[in-house]
Amino acid sequence: MSGPTRKPRASRPPVPPGLVVVDKESGMTSHDVVAVARRILGTRKIGHAGTLDPMATGVLVLGVERATKLLGHLALDTKAYLATIRLGSATTTDDAEGAVLSTADASGIGESDVRAAIAPLVGDIQQRPSAVSAVKVDGKRAYARVRAGEEVELPPRPVTVARFDVLAQRTEGEYVDLDVLVECSSGTYVRALARDLGASLGVGGHLAALRRTRVGPFGIGAAKTLARLEEKPELSLGLADAVAAAFPRRDLDHAEASALAHGGRLPLAGITGAYGAFDPAGRLIALVSEKNGQATSLVVFAPAGAAADAR
């Protein structure tokens, strides 16, 4: 007599492509978040757009499956943060995780002093990134060189700070804590703003807390914690919706959609940067860019027969 028949294990349905907007908790690296998301969603094909420091919380955008091809093209050129800056203490990392370099009594600094010192840090400015940033120096991350004992002095680079607003100012003994709202271009370091503000006031400063509330079009309201993702594993946006949210849109006729799906080129539409091209049925065909007088695909997402199927 044969033994009981073992039922085959039900295979997990494939994960559809799209984006997951995560509300990262403090203490995790961006790679840690990716590793957890891979386990929850059951796929290795997950990457992240941009990086969020371990001490920071807030918005981190993950690409899943074919949406990983979007990550290098996402127009995440503006970001928003809520932060707390402590005046009266400078650190080696320009944030609360570094060793203290100097302290000074900041209790006499008033609101008008802070406003005057912030003014030169708003607009198009030259900012020197922190030595422990992820900026590469001769192919190696600056923070890795610092950890190896090297002295790193990064050159200033242009960034844009659209808003640097003080929401609250508190005196804590000899320190002054500022709760601030910062809206800035990609590549701006809020901890460098804290450092430079403290230096301008002559007391030193560092970033005490940081929460990213928006990356490009993706805000904290649409973000989910990893615990919530564990309870209900799902995308924040499917592939087509993600492209429509993050890129300009171009709607194609049947002939154009078919040509693009087969690797052909399109007439110019005069759209700057990468944009999503959709067929008449609203399906995503490709991500397209216009250069050298031609509109060609950066990434093709639709099968070659997709446009014909829409007839």
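Any read-out appearing in this document is the output of simple, stated calculations on the displayed coordinates, not a laboratory observation. Here the structure is a predicted model, which means the values were calculated and not measured. Note that each Cβ is placed from the backbone with ideal geometry, even for glycine, and that neighbours are counted across all protein chains shown.
Of the labelled figures [x] 6, 25, 32, 24, 10, 3, 0; [y] 6, 22, 26, 22, 14, 7, 3, 1, 0; [z] 6, 28, 36, 22, 8, 1, only one reflects P(r) over Cα pairs in 10 Å bins from 0, in percent as derived from the coordinates, namely [y]. Computed extension gain for residue 154 through residue 199, at 0.36 nm per residue and net of the alpha carbon distance, reaches 14.5 nm. By the count of other C-beta atoms within 10 Å, a proxy for reagent exposure, 48, 73, 262 are ordered fewest to most as 262, 73, 48. With neighbours defined as other Cβ atoms within 10 Å of a residue's Cβ, the residues 21, 59 order from fewest to most as 21, 59. Proximity of backbone amide H atoms, modeled 1.01 Å from N, is registered between residue 285 and 277, 278, 279 at under 5 Å, excluding neighbours fewer than 5 places apart on the same chain. For residue 269 and residue 294, the difference between the fully extended length at 0.36 nm per residue and the C-alpha to C-alpha distance is 8.0 nm.
For segment 85-100, backbone phi angles converted through the Karplus equation (6.51, -1.76, 1.60; θ = phi - 60°) give residue-by-residue couplings of 10, 9, 9, x, 8, 9, 10, 5, 10, 6, 9, 6, 8, x, 6, 6 Hz, Gly and Pro being listed as x.
Here the Karplus relation 6.51 cos²θ - 1.76 cosθ + 1.60, evaluated at θ = phi - 60°, turns the backbone of segment 26-42 into coupling constants of 5, x, 9, 7, 4, 5, 4, 4, 4, 4, 5, 5, 4, 5, 5, 8, x Hz, with x for every Gly and Pro. Phi-derived couplings, Karplus 6.51 cos²θ - 1.76 cosθ + 1.60 at θ = phi - 60°, listed residue by residue for segment 104-119: 7, 6, 9, 5, x, 7, x, 4, 5, 4, 5, 4, 5, 6, 6, 3 Hz, with x used for Gly and Pro. If a spin label sat at a point 7 angstrom from the Cα of residue 97 along the line to its beta carbon, the backbone N atoms of segment 33-71 nearer than 19 Å would be those of 33-37, 48-61.
Annotation: amide H of residue 247 has no partner in the under-5 Å range at sequence separation 5 or more or interchain, hydrogens built in the peptide plane. Between the amide H of residue 157 and those of 127, 128, distances stay under 5 Å, these residues lying 5 or more places away or on another chain, with hydrogens modeled in the peptide plane.
Within the shell defined by Cβ-Cβ distances under 12 Å, the residues around residue 256 carry a net charge of -1, with Lys and Arg each +1 and Asp and Glu each -1. Distance between the pseudo-spin-label points of residue 231 and residue 32 (7 Å out from Cα toward the beta carbon): 2.2 nm.
Net length available on complete extension from residue 174 to residue 111 is 21.1 nm, with 0.36 nm assigned per residue and the Cα-Cα distance removed.
Answer rounded, prolate or oblate for segment 247-309, using the Cα gyration tensor with square roots of eigenvalues a ≥ b ≥ c: rounded when a/c is under 1.5, else prolate when a/b is larger than b/c, else oblate. It comes out prolate by the Cα gyration axes.
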